[in-house]
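Inspection log for the structure reproduced underneath, given as structure tokens.
FYI, it's all coordinate maths here, none of it is from the lab. Small disclaimer: the values here were computed from a predicted structure and weren't measured. Heads up, the Cβs are rebuilt from the backbone with ideal geometry, glycines too, and the neighbour counts pull from every protein chain shown.
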Amino acid sequence: MKVLTIVGARPQFVKAAVVSAALKKEKIAEVMIHTGQHYDYNMSALFFKELKIKAPRYNLGIGAMPRDEMVALMRLKIEKKIKLVKPCCLLVYGDTNSTLAGALAAGKYRLPVAHVEAGLRSFNNKMPEELNRIAADKISELLFCPTNTAVSNLKKEGRTKGVVLAGDVMYDALLAFLPVAQKKSKIIKKLGLKKGGYFLVTLHRAENTDDRKRLAAILEALYKIAEQKEIVLPLHPRTRKYLQAYGLLAAASKKLRLIEPVGYLDNLLLMKNAAKICTDSGGMQKEAYLLGVPCLTLREETEWVETVKAGWNIITGAAKEKIIKEGLREKKPGKHPDLYGDGRAALKIARLLKEKYS
């Protein structure tokens, strides 16, 4: 039995780390393709090194181009590897361009697709990620859902066959790597930070970075919060590019703690010790919840609705006053229900793949 895995972005490297380990435990051969969607060292190679993931057999080197061109080129190159590898199924993660390209490539050979993190919906079809995840779900034969909400979303769309409530592999990863991060990461000491003494902020989605008005409003809110709490912002290459283009980088550099992108282990420690997390990342909303850190989501909606219902995640969009108000609110949420499984999602996925395709 041989599985072909497609990855291309940071969150997928983390998810693949625990699923690949489970596949190995179940004696399932795996061939991994890295599309190259994230190619910066701190956003790619560092993750494989830190998480002790075997280097992908193939790196397609496809990044930094318009979405349609990227997906088309990835698809063509993945199709060639499918023909060469001859896997029994193809495994994709999440909602990136790499996810969509992998699912489309498998279609040419009628190769079964298994989608990890299936069924998520933000109900905003202007987001490329939403279109990617919907298309991947339509193509996939096995849909591994992280939550009951995801299962319900698929049921409303008429999908019940092949739908599996597996739990969230990011929870598996957090349980596996947080002790490692606490032992190895020196980021808190290096930056001179104190537990609860700073906000961690990440910005990278096109809806924020590509819109000067939205980006400026978010920054102005952060500047106000920074009068009371230090703001640490690992700067995504895309965000840096637009800050420079809009003439906003100089002011941001003076008022915020801008640092280079960090690896997964450093990011775990930065999240765990933050007073609050402000982000437009889907994965970080969920990780903030798992770590018990309040989160502000700098988008108009979220696919992780459970965190909002539980009171640990506030949707602010780019509304300056709301970001300031919620950012400076002192009271922490109360109850913290278990939402994302038992930390054994990767093993469930590996065993179901083995049962289905061996």
Taking 25 Å as R0, compute the FRET efficiency from the Cβ-Cβ separation of Ala29 and Lys108 and round it to 0.05.
0.70
By how many degrees, between 0 and 90 and to the nearest 10, does the Cα long axis of helix 97-108 differ from the longest principal axis of the chain?
10
Can you list the GluC sites (Glu not before Pro) in the stretch 81-181 that are in a DSSP coil and have 15 or fewer other beta carbons within 10 angstrom?
Glu157
Taking Cα pairs closer than 8 Å and at least 6 residues apart, the relative contact order of the stretch 240-296 in percent is 26
Lys2 neighbourhood, Cβ < 10 Å, K/R = +1, D/E = -1, net charge 0
Lys/Arg +1, Asp/Glu -1 at C-beta; the chain dipole; positive extreme among Ile82, Val31, Val116
Val31
Cross-link reach from Lys322 to lysines, straight Cα distance under 16 Å and at least 8 residues apart if same chain, gives Lys213, Lys224, Lys276, Lys331
If each residue of separation counts as 0.36 nm, what is the full-extension length gain between Ala310 and Lys49 once their alpha-carbon separation is subtracted?
90.5 nm
Tell me which aspartates and glutamates have Cα within less than 13 Å of Lys309's Cα, excluding those fewer than 8 residues away on the same chain?
Glu301, Asp338
Treating only the Cβ of Lys, Arg, Asp and Glu as charged (+1, +1, -1, -1), what charge dipole size does the chain show about its Cα centre? Round to the nearest 20 debye.
780
Among Cys89, Cys145, which comes first, then next, by fewest other beta-carbon atoms within 10 Å?
Cys89, Cys145
Amide N proximity, the stretch 235-263 versus Gln228 label position 7 Å along Cα-to-Cβ, cut-off under 16 Å:
none
What size of dipole, in debye to the nearest 20, comes out for the stretch 209-358 about its Cα centre when the only charges are +1 on Lys and Arg C-beta atoms and -1 on Asp and Glu C-beta atoms?
80
Quick check: the angle from helix 10-25's long axis to the longest principal axis of the chain, C-alpha only, nearest 10 degrees?
40
Sorting check: for 322-329, 146-153, which peptide has the highest mean count of neighbouring beta carbons within 10 Å, and how do the rest follow?
146-153, 322-329
At most 13 other C-beta atoms within 10 Å and a DSSP loop state: those are the exposed chymotrypsin sites (Phe, Trp or Tyr not before Pro) I care about. Give me the longest piece of the chain that has none.
124-358
Would you calculate a helix-derived [θ] at 222 nm for the chain, using -39,500 (n - 2.57) for each DSSP H run of n ≥ 4 and dividing by the full residue count, to the nearest 500?
-14500 deg cm²/dmol
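Using Cβ counts within 10 Å as a stand-in for footprinting exposure, how do Asp266, Asp211 rank, fewest first?
Asp211, Asp266
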Nearest 10, in degrees from 0 to 90: the angle of helix 345-357 to the longest Cα principal axis of the chain is 20
Between Lys2 and Asp210, what is the spin-label point distance in nm, taking each point 7 Å from the Cα along the Cα→C-beta axis?
3.8
Among Arg57, Arg133, which comes first, second and so on when ranked by fewest other beta-carbon atoms within 10 Å?
Arg57, Arg133
Provide the net charge surrounding Glu50, with neighbours chosen by a C-beta distance below 9 Å and charges set as Lys +1, Arg +1, Asp -1, Glu -1.
+2
Given +1 on the Cβ of Lys and Arg, -1 on the Cβ of Asp and Glu, and no further charges, what dipole in debye does the stretch 92-144 carry about its Cα centre, rounded to the nearest 20?
180
Who wins for biggest fluctuation among Leu298, Leu243, Leu174 in a Gaussian network model of the chain, springs between alpha carbons below 10 Å?
Leu243
